[in-house]
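Q: Please read through the structure below; I'll follow up with questions.
Bear in mind that the values in this text are calculations on the coordinates, not laboratory data. Just so we're clear, the structure is a prediction, and the values are computed from it rather than from any experiment. Cβ atoms come from the backbone with ideal geometry, glycine included; neighbour counts cover every protein chain shown.
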Amino acid sequence: MAVVNNWHAFLNECSFCKKLRENNAKDSRKKLQGEAKGIITIQDNELYVWDSLCSHLLHYNLKNILQVPEERHQILQCNDVPKFDVSWLVWNQTGSHLALWGQLGIMVMELPQKWGRYSEYEGGKEVVTCKSVSVAEHHFASHCGVKLLQVSWHPGSLDGMHLAFLTSDNTLCVYSLREPDSPVQVISLGEEERSISMSYSRQFAVLTDNAVSFDFGTEVKVHLKNQGYLETPKSQGSVTLWPVYCLRGNGDVVVVYTDLESKRPIQLGIQGPLLMHPPAEDNYGNDACSILYLQTSPPVITIATCEGKLHHCIVLARGVEDTSIHSVSSWKSSTRSVNYNIPEEMSLFVHESVELELSLTTPVASMDVFTCPIKLLKDSASPDRYHCCHAAGVHTVVLPWIQQYETFCSEDRTDAPPTTYQESIVEHLVCTKPLQSSAQMPILGLGVVRDHTLGSVLLTLTSDYEFIGLHLSGTKYRSSTPPLVSSSPPKLYPSPIRKLIKEPFEERIRKILQRTTSNPLLRSQQTAQITQQACFELLSRATQVFREQYIQKQDLARQEISTRVGILSEQKKQQLEDLQKLQRSRVMVSNMAEQLGDKCQECKEKQEEMLSRIQVLMRKLQSRIPFLSDAERTMKRELESMEERLESYKRNLDQLKTKEEYQQRQISKQTSQQSPVIKSSHMGHLHDALKEQGDELQKIMKKMKEIKMDATV
């Protein structure tokens, strides 16, 4: 069990991890870079790490820590080594291609097939050469001063072969791996086409703020205004576009649309900047650095600033009253796109703002504010959780209020949405810059491991190439795994008393114990000299957090539990008294039921006796009536008819007897000789038939006598 819980500690003892640390000690360039990176990635619980010194990719199956005694890792080499420093690793949707990119280029590796006992590349070879292709190499060669800001795989690509990237010259490009040097679509995010009604100062301010980050939204369909005017890729006259939400440095969010269906992509203009409600004078910060689009219902956009602020915005359709001059004038696009209906513009409603604690500062040192770019990374298993990676550590943010919105949107309700929501939960997991004077130790990558044996762990790589495994919170904010069989649950009708208690006691205790601040895991340079004053500040801060976020909340929870125990004890006492009363009542009811059973039996016997007496009385009364009833007259007619039939039967019987006597005399005369006409067998049959007729006549006579006797009575 200890191995399962601390498997990430054994990971640092592997030979490839030791080799990474040795290479890092030789390469001094990494220590001068202050921004966070993402040179590790996890796919299907398999770890991939980029070794910058050797320019190859290390592959290690994390399950081998528990299952395979010997260490098994593979080296994946590119047939064309990247000529730039790799900063990030990004998987496509199918997991067949891995994008390696830095500020000066993009290289895509095509991973080979896996087979063998341990499901390794090419059966388990130590060194595997992978096919690689450089994307947009001509573009970066012809634009020497251009740097890459972000690279993402296009979600609308059916085969997972399209890449989208943002460059420092305010350009968003889409490339296909089939033609890596020819762009599929190029979108300029500049402001040259803005309306002339804008002031010169406004135009200058916009031109100086370029896009710094982007993320894909939910697909939309645009339809032709006149379907017969142009040929479309589909007979329905509609094209699927993927919106791209681009964040500018001044905090503005604009939307552009990418098209992968048409041979000539539709070039719609820039939509926005999107209006933000409620408006703010500083536009919610002028140092925006990252944007994240969460695929929820309704969608949520997270905007991060270098100061450590996170703004959670709900994306809703823009109202008529929100029409702005920027939104109307921005739709200057190509002639071909005019024939399509313009997608509806969105608005951003800021639900809440969260400030991250980048360094463990005290009020005395808070004047020197530390800022750094923040990278927002989605959690593939939880749509309402994301991770923040920066030069000072790692934060994890959970948005529990999203599930409340989803529940409200899924129900058929016409009332207003609830006004009380649970606040976002921010966990400070790793801090690499505890003090303002501490040197920066940027995070080199993180990934989420989810396995029933390894657990749910956030694996982080620090700047000294050590892996840190942090167990994610076990609180279930939503059901992350869908059921195998989808069935609608039966509709329940709770009692009115239960409706008053909307919050379970366990949920209440969880909210009381929920921490707004935590003591992160400290990772700073071992050679750094920390003064006694700095140590005292860290100790004071940690003590204050433990006092306010742990001891005080645990004391409140203890008081709440004690109060609850007292209430439940009184209720238990009252219920025991009620139970005793019910026990006595049960004995009384049992005795009464026994008495009632005896009385019921007596009543039944008396009822039968009275019924028999009534029958006798009715029979006597009927016999004293001077005239016949209908039933008696009917019976009389039947008896008379029977008497007539009996007379007829009697005459027939006499005739049969006479014939029998005659036959007997004839038989006696012919005893000595056999009859030539009637055989002996025939005589036997006749004898039997006559005997049966005689028996029947006797029965009829007996029945007639009985009927006469009844009629006489």
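Q: Using Cβ counts within 10 Å as a stand-in for footprinting exposure, how do Asp630, Asp555 rank, fewest first?
A: Neighbour counts put them in this order, fewest first: Asp630, Asp555.
Q: Let me ask something additional. Tell me, Lys433, Lys669 in order of fewest to most beta-carbon neighbours within 10 Å? Write out the running numbers ahead of the final one.
A: Values: Lys433 25, Lys669 9.
The most exposed by this proxy come first: Lys669, Lys433.
Q: May I ask you to order 588-595, 291-298, 651-658 by the average number of other C-beta atoms within 10 Å around their residues, highest value first? Display every interim value, and only then the final one.
A: Numbers: 588-595: 10.0, 291-298: 18.2, 651-658: 12.0.
My ranking of the peptides, most packed first, is 291-298, 651-658, 588-595.
Q: Could you give the length gained on full extension between Gln575 and Lys669, defined as 0.36 nm per residue of separation minus the Cα-Cα distance, in nm? Please list the in-between numbers first.
A: On the way: separation 94, 0.36 × 94 = 33.84 nm, distance 10.92 nm.
Gain on extension, Gln575 to Lys669, equals 22.9 nm.
Q: Within 15 Å, Cβ to Cβ, of Asp282, how many net charges do the neighbouring residues add up to if Lys/Arg are +1 and Asp/Glu are -1?
A: My count for the surroundings of Asp282 gives -4.
Q: Take the cross-link list Lys83/Lys147; Lys18/Lys375; Lys650/Lys705; Lys63/Lys131; Lys147/Lys309 and give me the ones stretching past 18 Å between alpha-carbons. Numbers along the way, then the final one.
A: Values: Lys83/Lys147 14 Å; Lys18/Lys375 27 Å; Lys650/Lys705 13 Å; Lys63/Lys131 26 Å; Lys147/Lys309 25 Å.
Among Lys83/Lys147; Lys18/Lys375; Lys650/Lys705; Lys63/Lys131; Lys147/Lys309, the Cα-Cα distance tops 18 Å for Lys18/Lys375; Lys63/Lys131; Lys147/Lys309.
Q: Could I ask something else about it? Figure the gain on full extension for Asp80 and Ile530 (residue separation times 0.36 nm, minus the Cα-Cα span) and round it to one decimal in nm.
A: Here the segment from Asp80 to Ile530 would lengthen by 157.5 nm.
Q: To continue, here is another question. Given a Förster distance of 41 angstrom, what is the FRET efficiency for Arg510 paired with Glu602, based on the Cβ-Cβ distance and rounded to 0.05?
A: It comes out at approximately 0.05.
Q: What FRET efficiency would be calculated for the residue pair Val146, Ile561, taking the C-beta separation as r and a Förster radius of 60 Å, to the nearest 0.05?
A: Numbers: r = 61 Å, r/R0 = 1.01.
According to the calculation, E is roughly 0.50.
Q: I've got another one for you. Using Cβ contacts closer than 10 Å as the measure, can you line up Thr531, Thr712 from fewest to most? It would help to have the intermediate numbers written out before the result.
A: Values: Thr531 10, Thr712 6.
Ranked by crowding around the Cβ, least crowded first: Thr712, Thr531.
Q: How would you order 150-161, 689-700 from highest to lowest mean count of nearby Cβ atoms within 10 Å?
A: Most protected by this proxy first, the peptides run 150-161, 689-700.
Q: Further question: Output the peptides 538-545, 614-621 sorted from most to least packed, where packing is the average of other Cβ atoms within 10 Å over each peptide's residues. Mind showing how you got there, number by number?
A: Details: 538-545: 14.2, 614-621: 9.5.
Sorting 538-545, 614-621 by mean packing, highest first, produces 538-545, 614-621.
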